[in-house]
Structure formats: structure tokens, C-alpha cells
1. State whether one or more residues within the stretch 280-290 are surrounded by fewer than 15 Cβ atoms within 10 Å (Cβ to Cβ) and over 20 Å from residue 87 (Cα atoms).
2. Looking at 29, 46, 42, 13, can you tell me which residue is touching a strand residue (DSSP E or B) at 6+ places or on another chain (Cβ under 7 Å) and either surrounded by 16 or more Cβ atoms within 10 Å (Cβ to Cβ) or free of Cβ contacts under 8 Å to residues at least 60 places away in the same chain (or both)?
3. Find all pairs meeting these conditions: Cβ atoms under 6 angstrom apart; at least six residues apart or on different chains; first residue within the stretch 83-100 and within 18 Å of residue 127 (Cα to Cα); second residue assigned to a helix (DSSP H, G or I) and modelled with pLDDT of 95 or more.
4. Could you pull out the residue among 13, 42 that is outside the structural domain of residue 242 (by TED's automatic domain parsing), in a loop (DSSP other than H, G, I, E, B) and over 28 Å from residue 196 (Cα atoms)?
5. Which of the helices (runs of 4 or more DSSP H) contained wholly in the stretch 267-317 include at least 3 residues that are under 18 Å from the mean Cα position of the chain (by Cα) and in the same structural domain as residue 238 (by TED's automatic domain parsing)?
6. Quick check on this structure: which one of 180, 207 is part of a loop (DSSP other than H, G, I, E, B) and modelled with pLDDT of 95 or more?
7. Taking residue 223 as the residue in question, decide whether it is in the same structural domain as residue 288 (by TED's automatic domain parsing) and part of a helix (DSSP H, G or I).
8. Only one of these is closer than 21 Å to residue 138 by Cα and surrounded by 12 or more Cβ atoms within 10 Å (Cβ to Cβ): 188, 215. Name it.
């Protein structure tokens with residue numbers, strides 16, 4: 001693992017040099033929220049660092065809401081995504097297991113992953129519904145991203161994890177010998193520790209991931225009926241979730257095949273010919289998502305299917321708080 005440090009204005013200038021050959025995206029605050037935008041020279045100084053979390057999950061760059069999977073654009077420019085929180089990085093690592101499976105790999109997803117460099121951003125603050133550390137996920141970058149960045153005192157600390165990350169530094173003309181001073185690193189480590197302590201205090205009663213799976217699996221019908229009574233089946237929780245990945249394949253004339261993201265929270269998700277629907281009752285459909293996240297997917301995949309970003313709580317029209325439900329199951 002290599003680290004360098006440089007003034008923010010110099011980092012901004014070097015990023016500007018890539019605009020003609022790459023598509024650059026990063027979160028920018030707009031007065032109401034913080035979300036990814038496509039960067040130009042004027043927007044680069046406005047990049048938001050070290051704040052959780054962009055409204056749009058990282059998966060949207062790799063799994064568009066709708067796309068023609070028979071027409072992969074192989075001529076697209078390389079992509080650089082800056083400022084990704086680690087909850088989204090770990091969610092993408094989970095999706096990689098599904099879409100880059102050696103036997104059933106997805107060429108459209110794989111092509112986007114291949115041409116994209118992921119630059120994560122250490123979270124140096126928290127939001128009300130952040131709970132990544134409850135599931136064993138640290139709010140700092142790791143080797144599932146190519147690089148990570150932190151902004152302290154107008155200095156960018158860049159940590160390199162992969163060969164793609166090394167290649168990115170070469171494109172910027174940066175040298176690994178530009179090591180950060182010890183005092184700057186100490187300050188960063190102190191801030192990182194403070195954030196982990198804040199997360200622990202905020203979610204001290206929340207069960208861990210494995211314990212939550214046991215609670216969900218062993219629960220009776222009443223909690224699901226209670227919380228499902230506020231659900232309007234809009235599917236927002238699944239659509240914005242960084243690990244949800246269900247989709248439909250729709251055949252079109254001309255041998256086109258359209259992939260459209262779907263969600264288990266939509267009525268009719270499992271409806272078959274003759275009208276049979278295993279998830280017809282709303283409480284069953286509501287519980288299905290929790291079973292998928294905490295029970296079924298962990299049986300098949302190595303990584304966690306919930307990374308504690310809290311977006312599903314924030315986007316719910318019925319104001320259903322997933323964590324409150326889980327705390328109720330634990331009492």
C-alpha cells in the first residue's frame with residue numbers, strides 16, 4: 001500500500017488534464033443533497049470529499065435502470081469515479097460476485113468494471129442512518145477500491161491499493177515518493193478513529209449482520225404485518241439499495257434484449273401464468289427483502305448483502321425504519 005500527499009489545488013489541476021481522455025464523476029453538493037455529477041474544469045474544485053454519502057448508489061454506473069444488453073459500447077471512454085463511500089465500494093464487491101461469475105459472467109457489467117477506476121473517500125463524518133460498522137465494514141477505503149482519498153487542511157492524502165490505482169497516478173504524473181508527513185497521517189488516523197466511535201455510539205443497540213439474519217429467520221408474522229402496513233410497494237428501498245440487483249429481460253424486435261431493473265417489492269414480482277403469486281400478500285413480499293439480504297444471499301456469497309448505508313430508510317415513502325424493525329425483533 002503506497003501513500004502520497006499533495007496540495008488540493010495541484011490535485012485539481014492534474015485531474016483537469018484527464019478531462020479530454022476520461023469521463024470523470026464525483027459527488028458535488030447542490031444545497032439540497034450531495035450526488036454524483038459529470039465533472040468539467042469548473043466542477044473539479046467543487047468535489048465533495050469525506051462526507052457520506054451520494055444520493056445515487058455506485059451500482060447505477062454499472063447497472064443502468066434500462067439498457068440493451070445486445071449492444072455493448074466498447075468504444076466508451078475510460079471512467080474515473082471519485083469520492084465513493086466504502087459502504088458502496090463493499091456493495092460493488094458483492095455485485096462483482098454475481099455479475100463476474102466465472103461460469104455466468106455478464107459482459108456489459110464486466111466491460112464497465114474494466115474501464116472504471118474507483119477512488120473511494122474516507123468518511124470523516126456520519127449521517128443519522130449510517131450503520132456500516134455494525135456489519136463489520138469500516139468507513140474508510142480498502143483494497144476493493146483502486147485508490148482512496150482524504151482531504152485534510154487542504155492536503156489530499158491518496159492511498160493506492162491496486163495496479164489500476166498505480167496506473168492512475170502515472171497518468172496524473174504523481175510519484176509514490178511524495179509521501180505524506182507523519183503529523184498529517186496521525187491527524188487522519190485520529191479522525192478515522194473518531195468516526196468509528198461515533199458510529200458505535202449511534203448504533204450500539206443494533207445487532208450485527210449474522211445475528212440479524214438469525215432474528216429475521218426466526219421471527220413470526222406479527223412484526224412484518226405491523227411494518228408492512230406502512231409500505232406502499234413503491235420499490236424505492238430496493239431501487240436505491242447498492243446491492244439489490246434483480247432485473248427483467250424483455251425481448252424486442254431485431255433480436256434486442258432489454259434489461260430493466262426490477263424489485264421484489266413490486267406487486268406481481270413473482271406472479272406466474274394462471275395468476276399464482278408466492279409473494280402476493282404484502283407482509284410476505286415485505287419480509288422477502290430482509291430474508292434475501294440477511295439469510296439467503298449470505299448462504300451463497302462471501303460478502304454481506306447489506307452494507308449499512310441507510311439509504312432504504314431515507315428514501316422510504318412510508319417512513320419505515322429498517323433498523324427500528326430489527327431492534328424490535330431483538331427485544
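1. At the first step, the residues of the stretch 280-290 found to be surrounded by fewer than 15 Cβ atoms within 10 Å (Cβ to Cβ) are 280-281.
When the remaining residues are screened for being over 20 Å from residue 87 (Cα atoms), the result is 280-281.
Checked the stretch 280-290: at least one residue is surrounded by fewer than 15 Cβ atoms within 10 Å (Cβ to Cβ) and over 20 Å from residue 87 (Cα atoms).
2. Details: 29 fails: touching a strand residue (DSSP E or B) at 6+ places or on another chain (Cβ under 7 Å); 42 fails: touching a strand residue (DSSP E or B) at 6+ places or on another chain (Cβ under 7 Å); 13 fails: touching a strand residue (DSSP E or B) at 6+ places or on another chain (Cβ under 7 Å).
Matching residue, one of 29, 46, 42, 13: 46.
3. As it stands, the answer is 84/58; 87/132; 88/58, since those pairs meet every condition given.
4. On the way: 13 fails: in a loop (DSSP other than H, G, I, E, B).
The conditions single out 42.
5. Values: elements: 282-291, 297-300, 311-315.
Answer list for the stretch 267-317: 311-315.
6. Numbers: 180 fails: modelled with pLDDT of 95 or more.
Of 180, 207, the one residue that is part of a loop (DSSP other than H, G, I, E, B) and modelled with pLDDT of 95 or more is 207.
7. Values: in the same structural domain as residue 288 (by TED's automatic domain parsing): yes; part of a helix (DSSP H, G or I): yes.
So residue 223 passes the test.
8. On the way: 215 fails: closer than 21 Å to residue 138 by Cα.
Of the residues listed, the single one that is closer than 21 Å to residue 138 by Cα and surrounded by 12 or more Cβ atoms within 10 Å (Cβ to Cβ) is 188.
The values are calculated or read from the model by the stated rules, or taken from the named source; none is laboratory data. Computed from a prediction, not measured in an experiment: that's the story for all the values here. Cβ atoms come from the backbone with ideal geometry, glycine included; neighbour counts cover every protein chain shown.
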